[in-house]
Amino acid sequence: MAQVSAGIVLFRGPAGEREVFLIHPGGPFWARKDEGAWSIPKGLVDAGEDELACARREFAEETGFEAKGPARDLGSFRMPGGKRLRVWAVGGDADPAQLRSNLFEMEWPPRSGRRARFPEADRGGWFGRDTALAKIVKGQRAVLEAFFKG
């Protein structure tokens, strides 16, 4: 059975002028990448966990913000690696300068035997439709297309 992740598209602004909040992944692999590198805040659903509760938890862990408002179900999307991503849209606001992400640990530099800690997200930003579609990772493009269509 495929792994399931859940995420939130935080949005602001009136229809036709909507912006979405995306995060840029932290760590050395993503440091010099921009277009096609950004993501919605998301993460793996724990066994027995409600998917929307997971999406809200992951949003808070990766941004330091809460996505409290009513959630509109955008559906389930199959990611290139086979994982399923369930996504909701929630209206709200967040100051990218205040982003605080949890950390992950990895060996860095490779084959050095040393461990380093990096934020899961090193920055966030608000983007209109065209810019968001250019910045989002290819596998999540359908998520934003569904959001901006609805």
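The values are calculated or read from the model by the stated rules, or taken from the named source; none is laboratory data. Nothing here was measured: the structure is a model prediction, and the numbers come from that model. All Cβ positions, glycine included, derive from the backbone under ideal geometry; neighbour counts span all protein chains shown.
General observations
- Subset of segment 79-121 that is touching a Leu at 6+ places or on another chain (Cβ under 9 Å) and charged (D, E, K, R) - its residue that is farthest from Glu145 (Cα to Cα): Arg117
- Answer residue from segment 33-61, given it is assigned to a loop (DSSP other than H, G, I, E, B) and in contact with a Ser or Thr (Cβ under 8 Å, 6 or more places away or on another chain) and is surrounded by the fewest Cβ atoms within 10 Å (Cβ to Cβ) among those: Val45
- Restricting attention to segment 110-150, the residues that are in a loop (DSSP other than H, G, I, E, B) and free of Cβ contacts under 8 Å to residues at least 12 places away in the same chain total 5.
- Taking first residues from segment 83-109 that are in contact (Cβ under 8 Å) with a residue 60 or more places away in the chain and partners that are exposed (fewer than 15 other Cβ atoms within 10 Å of the Cβ) and of a type in the set (A, V, I, L, M), the Cβ contacts under 7 Å between residues at least 6 apart in sequence or on separate chains come to Lys83/Ala2; Arg84/Ala2; Met106/Ala116; Trp108/Ala116.
- Residue tally, condition assigned to a strand (DSSP E or B) and hydrophobic (A, V, I, L, M, F, W, C), over segment 62-84: 3
- Considering segment 74-120, the residues that are of a type in the set (Asp, Glu) and surrounded by 12 or more Cβ atoms within 10 Å (Cβ to Cβ) include one that is nearest to Cys54 (Cα to Cα), namely Glu120.
- For segment 121-150, a residue qualifies if it is at pLDDT 95 or above and either surrounded by fewer than 13 Cβ atoms within 10 Å (Cβ to Cβ) or of a type in the set (D, E, K, R) (or both), and the qualifying residues are Asp122, Arg123, Arg129, Asp130, Lys135, Lys138, Arg141, Glu145.
- Selection of segment 12-32 for residues being among the hydrophobic types (A, V, I, L, M, F, W, C) and crowded, with 20+ Cβ neighbours inside 10 Å yields Val20, Phe21, Leu22, Ile23.
- Members of segment 32-45 found to be in contact (Cβ under 8 Å) with a residue 60 or more places away in the chain and not polar (S, T, N, Q), listed by number: Asp34, Glu35, Gly36, Ala37, Trp38, Ile40, Pro41
- Within the set Glu66, Glu62, the sole residue that is touching a Pro at 6+ places or on another chain (Cβ under 9 Å) and free of Cβ contacts under 8 Å to residues at least 60 places away in the same chain turns out to be Glu62.
- Within segment 54-93, the set of residues being under 15 Å from the mean Cα position of the chain (by Cα) and aliphatic (A, V, I, L, M) comprises Ala55, Ala60, Ala67, Leu74, Met79, Leu85, Val87, Ala89, Val90.
- Members of segment 14-32 that are closer than 17 Å to Phe104 by Cβ and in a loop (DSSP other than H, G, I, E, B): Gly26, Gly27, Pro28, Phe29, Trp30, Ala31
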